[in-house]
Amino acid sequence: MLPPSPACVVTGAASGLGRAFALELAGRGARVLLADVDEAGLAETAKDVTARGGTARTLRCDVSKLDDMKRLHAEASEWLPSVDLLVNNAGVAVGGAVGEIPIEDWQWITGINQWGVIYGCHLFLPDMKRRGRGHVLNVASIAAFACAGQMGPYNVTKAAVVALSETLAGELSGTGVGVSVLCPFFFQTNIAKSARSSSTEVSPEFIENVMKRTPVQASEVARRALRACDAGQLYVFPHREAKAIAALKRLIPSTFLTKLGPRAAKAAPR
């Protein structure tokens, strides 16, 4: 259970799900350190946090750079008495076939989606463990389970986030520190705007169209994820589609990957 008026750090906080997390936490009277490369977006989020009753401070931070993440940790240590919740949320997308995606795009997405989460956990967890309290929420995706074609880099990095979170569940058992991993289905964020794609099947326009049709959007995803943190749940599937995909993958993995996954992708709304 997160304490009243928690002290929090949120990456990727300039828009989308990161902003939704910040606003939900503001409603709890939180102090929130907001991190992103988009300084204008950060300023807007900070303004909204204050209007909701929270307190905000912003820091330009590229989560793929260890020095930037060290500055984030130092800023949190200076401004907050302790960090009750770390939300490793920053993420990007890359589409295309393995062997055709430029290596530079693999490096770009791995730096943000995978190393950003690793850096956050590496830097913030020791303090939490010393205090015997705190929670880490790592934002993955149902893509970690679905492993749909033309999305290799995204699938790989989000699967890594799930694996790291599962590892932490064991390592943190009995320490008083919790971990949750969020695995949503599509919903509206700005991720498609920055996406890189060499695929005609999984283009930014395709992603945008699918995201718009999902009933559970960012504010509700954030609300459900924070409730899961309160309850100490490891896996968070905020969409019924995500729950179904995870269940099918577990029950019929080979059939799911070779038959159902490609068919579902082709049938998705465009």
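The values are calculated or read from the model by the stated rules, or taken from the named source; none is laboratory data. The structure displayed is predicted, hence computed values, not measured ones. With ideal geometry, Cβ positions are generated from the backbone for all residues, glycine too; neighbour counts draw on all protein chains shown.
Quick one: is A90 part of a loop (DSSP other than H, G, I, E, B), under 16 Å from the mean Cα position of the chain (by Cα) and either surrounded by 20 or more Cβ atoms within 10 Å (Cβ to Cβ) or of a type in the set (G, A, S) (or both)? Spelling it out, A90 is indeed part of a loop (DSSP other than H, G, I, E, B), under 16 Å from the mean Cα position of the chain (by Cα) and either surrounded by 20 or more Cβ atoms within 10 Å (Cβ to Cβ) or of a type in the set (G, A, S) (or both).
Would you confirm whether any residue within the range 45-54 is over 23 Å from A231 (Cα atoms) and under 18 Å from the mean Cα position of the chain (by Cα)? For the range 45-54, residues over 23 Å from A231 (Cα atoms) and under 18 Å from the mean Cα position of the chain (by Cα): present.
Taking the conditions exactly as written (in contact with a Gly (Cβ under 8 Å, 6 or more places away or on another chain) and either at pLDDT 95 or above or of a type in the set (D, E, K, R) (or both)), does V136 satisfy them or not? Yes; evaluated as a whole, the condition is true for this residue. Among the criteria (1) touching an Asp or Glu at 6+ places or on another chain (Cβ under 9 Å); (2) free of Cβ contacts under 8 Å to residues at least 60 places away in the same chain, the one F185 does not fulfil is (2).
Only one of D67, D48 is surrounded by fewer than 24 Cβ atoms within 10 Å (Cβ to Cβ) and more than 24 Å from P126 (Cβ to Cβ); which? Explain how you work it out, then say what you get.
Working: D67 fails: more than 24 Å from P126 (Cβ to Cβ).
Checking each option against the conditions leaves just D48.
Evaluate the following for S5: is it touching a Gly at 6+ places or on another chain (Cβ under 9 Å) and polar (S, T, N, Q)? Yes: the conditions hold for S5.
Applying the condition of being of a type in the set (G, A, S) and outside any helix (DSSP H, G or I) to the range 51-64 and asking which residue is surrounded by the fewest Cβ atoms within 10 Å (Cβ to Cβ) yields G53. With respect to the conditions (1) assigned to a loop (DSSP other than H, G, I, E, B); (2) over 19 Å from F124 (Cβ atoms); (3) modelled with pLDDT under 95; (4) not basic (K, R), I101 falls short on a single one, namely (3). If a residue must be assigned to a loop (DSSP other than H, G, I, E, B) and without any contact (Cβ under 8 Å) to a residue 60 or more places away in the chain, how many such residues does the range 71-87 contain? Matching residues across the range 71-87 total 0. The residues on offer are P126, P102, and the sole one that is out of contact with any helix residue (DSSP H, G or I) (no Cβ under 7 Å at 6 or more places or on another chain), surrounded by fewer than 21 Cβ atoms within 10 Å (Cβ to Cβ) and more than 23 Å from L234 (Cα to Cα) is P102.
Collect the residues in the range 1-34 that are in a helix (DSSP H, G or I) and closer than 12 Å to D84 by Cβ, keeping them in residue-number order. If the condition is that a residue be in a helix (DSSP H, G or I) and closer than 12 Å to D84 by Cβ, then L25 is the only one that fits. Taken residue by residue, the range 130-138 has no member that is under 21 Å from S64 (Cα atoms), crowded, with 24+ Cβ neighbours inside 10 Å, over 13 Å from the mean Cα position of the chain (by Cα) and without any contact (Cβ under 8 Å) to a residue 60 or more places away in the chain.
Residue pairs whose Cβ atoms lie under 6 Å apart, separated by 6 or more positions or on different chains, with the first residue in the range 41-66 and closer than 14 Å to G18 by Cα and the second not hydrophobic (A, V, I, L, M, F, W, C) and not in a helix (DSSP H, G or I), are G41/S15; L42/D36; L42/T58; A46/T58; V63/T11. Restricting A14, A30 to those that are buried (at least 24 other Cβ atoms within 10 Å of the Cβ), touching a residue at least 24 places away in the same chain (Cβ under 8 Å), on the phi < 0 side of the Ramachandran plot and within 16 Å of the chain's Cα centre (by Cα) reduces the list to A14. Among the residues of the range 158-178, is there at least one that is surrounded by 23 or more Cβ atoms within 10 Å (Cβ to Cβ) and closer than 17 Å to A97 by Cβ? Within the range 158-178, not a single residue is surrounded by 23 or more Cβ atoms within 10 Å (Cβ to Cβ) and closer than 17 Å to A97 by Cβ.
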